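Read through the structure below, which is laid out as structure tokens, and then see the notes.
Any read-out appearing in this document is the output of simple, stated calculations on the displayed coordinates, not a laboratory observation. All of these numbers come straight from a predicted model, not from anything done at the bench. Cβ placement follows ideal geometry from the backbone for every residue including glycine, while neighbour counts extend to all protein chains displayed.
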Amino acid sequence: MANVLVFTELHDGKVKPVTLEILGKLAGQNTDVAVIGDLSADEVTVLANHGAQNIHKINGANLDKYSPEGYANALANFIKSKSYDYVFAGATSMGKDLLPRLATQFDAGLASDVVNFTMDGGVFAGTRPFFSGKCLAKVELTGPKPHFVSIRPNALGMTEGLTAGAGTAHDVAGDAGNVRAAISEIIKAASSKIDLAEANIIVTGGRAMKSAENFKILEELADVIGATVGASRAAVDSGFAPHSMQVGQTGKTVSPSLYIACGVSGAIQHLAGMRTSKVIVAINTDPDAPIFTRADYGIVGDLFTIVPLLKEEFKKLLGK
Amino acid sequence: MNIFVCVKQVPDTETKITPTADGSFIETNSIKWIMNPYDEFAVEQALLIKAANSAANVTVVRVGSVKDTEALRTAMAMGADEAILVEAQDNLDSYSIAKALKGAIEKSGKKPDLILTGKQAIDDDALQVPQILAQMLDLPSVSVIVGFELNGTTVKAKREIEGGALEVYSVEAPAVFACNKGLNTPRYASLPGIMKAKKKPLAQYSLSDVGVSDADRRVKYSEFRLPPEKPAGKKFDATDAAKQAEVVAQVVGLLRTEAKVI
């Protein structure tokens with residue numbers, strides 16, 4: 001059995017879902033949670049029910065907002081005061097930025113963007129994609145401990161059948177140390193929708209969308225089914241959508257429950273970025289488009305008539 | 001002002017990947033190699049800084065196999081002044097690569113003012129090297145940047161986070177910046193640029209020259225394999241206008257009853 005710390009970031013005061021996926025998968029290990037910031041009693045209960053034994057709330061000067069150095073320093077100081085074998089976190093924007101710096105403070109290794117793992121005999125062995133998912137490889141850690149692991153959101157899934165946990169919260173004084181790169185301002189995104197990497201349903205438009213304006217029909221469909229809208233590289237390069245919406249090898253890698261590709265031909269680099277979606281629907285006028293080789297449900301037809309019909313049909317189904 | 005740009009050479013995005021028979025890595029013989037696409041934004045940013053600051057020099061550094069020197073020659077053809085290549089196997093882990101980059105930068109004898117990289121390499125997709133390098137050099141870093149303004153020695157950098165929101169950082173050089181698509185539009189190498197690049201200095205070192213050994217490996221990769229193939233799906237013809245509503249209703253029905261995703 002290994003001693004494990006799971007770092008969770010907070011979003012509007014709540015722990016990220018990926019934290020609960022990680023905790024569920026770590027059942028059977030001695031698992032603590034660390035958070036920087038304040039956690040409500042309800043959130044502490046959620047973490048305890050998912051198996052967290054000690055929940056450490058770290059607060060201190062210069063820790064009110066994220067900075068790579070401040071967070072890494074505060075967590076490193078805390079981890080040094082304990083004896084953890086492993087430190088896990090979600091491979092979110094923050095996790096991807098923070099963990100390499102934190103691990104290097106221990107001269108330790110980091111297995112990043114892991115999609116599955118085992119802890120046989122308390123030893124981590126994981127699976128992670130390479131080449132944006134065109135192939136998979138086994139990943140193991142060696143060298144000084146603790147070892148660090150980041151987990152891709154939506155990959156492990158949630159654990160069912162929880163029982164009440166006895167985990168308790170503790171306050172920890174944090175030391176951010178010398179912070180040289182600090183956030184001076186945050187510019188909010190135009191859309192308040194959930195990020196592609198964490199979305200449960202995604203509707204993506206390709207080159208066949210023809211214009212940025214036409215993405216409106218995808219937005220309307222997305223609103224009905226609670227989806228986030230994405231775009232292919234061809235659509236982004238044509239100026240129909242910003243790069244933050246791009247799905248594929250040079251954009252976001254996604255694994256939603258449902259992926260609806262509209263007018264996407266299915267270039268290798270696009271398929272690599274969305275192949276782990278659980279169910280794929282493709283709409284394309286070309287019956288030989290490569291996207292159909294990956295689709296669970298393919299519709300050969302014009303997206304400009306099919307998408308509005310889909311929206312109406314989903315409305316009926318969902319009683320909206 | 002000394003600007004270092006760290007680049008990686010990766011298989012072209014259209015490459016079909018085939019694991020080796022023993023699963024130790026992938027077949028690399030027939031691959032078309034390109035500069036990692038995100039590194040092009042780092043090279044371009046360095047050249048934009050150089051254009052506004054005639055005293056600036058740009059050194060590109062790469063750790064990897066010597067199959068060809070495409071990435072470094074491309075960077076020099078775009079306008080970088082010189083290059084350093086540290087010869088290493090293709091599937092080195094991020095810690096070893098960062099340590100080799102640090103060693104190469106130190107060996108150049110130039111004190112870095114700015115270090116620019118791509119936000120990730122599209123082969124291992126590890127997103128680790130820029131931050132590890134920054135920590136090893138005790139420098140601040142900002143990753144996934146889509147905005148960069150240099151005033152004197154102060155950089156205002158915009159970092160893209162979930163959903164396209166931006167964190168604006170203010171940081172004093174020296175510092176490390178990892179660049180994302182959207183930062184700038186990389187130039188194409190001109191023919192005279194390509195000719196000139198052939199005469200630009202390219203220093204070559206081994207891993208041991210820059211202080212890296214097998215003992216520096218922190219992450220072991222093995223059992224490279226293709227992901228499981230999906231069974232063929234169902235395809236519906238909705239090219240006939242009279243059948244479209246029926247097909248859509250059928251698919252939506254299947255999404256609920258068969259796929260159970262909605």
Spacing of the two label points (7 Å from each Cα toward its C-beta) at residue A:170 and residue A:145, in nm: 1.8 nm
What ³J(HN,Hα) values, in whole Hz, does the Karplus curve 6.51 cos²θ - 1.76 cosθ + 1.60 give for the range A:209-218 when θ = phi - 60°, with x put for Gly and Pro? 5, 6, 7, 5, 4, 5, 4, 4, 5, 6
How do A:11, A:50 rank when sorted from fewest to most other Cβ atoms within 10 Å of their own Cβ? A:11, A:50
GNM of chain B, Cα pairs under 10 angstrom: of B:208, B:222, B:170, the biggest fluctuation goes to B:222
Inverse of <1/r> over all distinct C-alpha pairs of the range B:54-147, i.e. the Kirkwood Rh in Å, gives 14.1 Å
Residues of B:18-27, mean number of Cβ from any other protein chain within 10 Å of their own Cβ, rounded to a whole number? 2
The farthest towards the positive end of the charge dipole of the range A:196-318, of the residues A:197, A:214, A:235, given +1 on Cβ of Lys and Arg and -1 on Cβ of Asp and Glu, is A:197
I'd like the distance between the alpha-carbon centres of the range A:52-84 and the range B:164-189, rounded to an integer number of Å. 27 Å
A chain fully extended from residue B:67 to residue B:29 at 0.36 nm per residue, minus the present Cα-Cα distance, gains in nm 12.8 nm
Percent antiparallel among DSSP beta bridges confined to the protein assembly as shown, nearest 5, equals 30 percent
Determine the dipole magnitude for chain B: charges of +1 sit on the beta-carbon of Lys and Arg, -1 on that of Asp and Glu, nothing else is charged, the reference point is the Cα centre, and the result goes in debye to the nearest 20. 400 debye
Taking a ≥ b ≥ c as the square roots of the Cα gyration tensor eigenvalues, with a/c under 1.5 meaning rounded and otherwise prolate when a/b beats b/c, else oblate, which class fits the range A:196-318? rounded
Dipole axis of chain B (+1 Lys, Arg; -1 Asp, Glu on Cβ), positive-most option in B:51, B:64, B:222: B:51
In what sequence do B:106, A:9 fall when counting other Cβ within 10 Å, fewest first? B:106, A:9
Within the range A:26-55, what residues put their amide N at less than 18 Å from the label point 7 Å along the Cα-to-Cβ vector of residue A:61? A:37
What one gets for the protein assembly as shown as the Kirkwood radius, inverse of mean 1/r over different Cα pairs in Å, is 24.7 Å
Here the percent of antiparallel bridges among DSSP beta bridges lying wholly in chain B, to the nearest 5, is 35 percent
Please list, in order, the residues from the range A:235-279 whose amide nitrogen is less than 16 Å from a point placed 7 Å along the Cα→Cβ vector of residue A:158. A:256-258
Can you compute the helix-only [θ] at 222 nm over chain B? Use -39500 (n - 2.57) per DSSP H run of at least 4 residues, normalise by all residues, nearest 500 deg cm²/dmol. -8000 deg cm²/dmol
Placing unit charges on C-beta atoms (Lys and Arg positive, Asp and Glu negative, everything else neutral), compute the dipole magnitude of the range B:33-162 about its Cα centre in debye, rounded to 20. 480 debye
Apply the Karplus curve 6.51 cos²θ - 1.76 cosθ + 1.60, θ = phi - 60°, to the phi angles in the range B:181-198 and return the couplings in whole Hz, x for Gly and Pro. 4, x, 5, 6, 10, x, 6, 8, 6, 7, 4, x, x, 5, 5, 4, 4, 5
Formal net charge of residues neighbouring residue A:125 (Cβ-Cβ distance under 12 Å; K, R +1; D, E -1): 0
So what is the 222 nm mean residue ellipticity for chain A from helices alone, if each DSSP H run of at least 4 adds -39500 (n - 2.57) and you divide by all residues, rounding to the nearest 500 deg cm²/dmol? -7500 deg cm²/dmol
Number of partner chain Cβ atoms within 10 Å, mean per residue of B:234-244: 5
Would you pull out the residues with amide H under 5 Å of residue B:143's amide H, same chain only if 5 or more places away, H placed 1.01 Å from N? B:178
Please identify, among B:70, B:149, B:14, the residue showing maximal mean-square fluctuation in a Gaussian network model of chain B using a 10 angstrom Cα cutoff. B:14
Approximate spin-label separation residue B:237-residue A:185, in nm, with each point projected 7 Å along Cα-to-Cβ: 5.8 nm
If you project the alpha carbons of chain B onto the principal axes, what extent comes out on each, in Å, largest first? 70, 46, 39
Is there a simple number for the mean count of other chain Cβ atoms within 10 Å of the Cβ of residues in B:120-126, and what is it? 6
Peptides A:109-118, B:109-118 ordered by average Cβ neighbours within 10 Å, highest first: A:109-118, B:109-118
Assign unit charges at the C-beta atoms only (+1 for Lys and Arg, -1 for Asp and Glu), then state the dipole size of chain A relative to its Cα centre in Debye, rounded to the nearest 20. 460 debye
Using amide H atoms built 1.01 Å from N in the peptide plane, name the residues 5+ places from residue A:114, or on other chains, whose amide H lies under 5 Å from its own. A:150, A:151, A:152
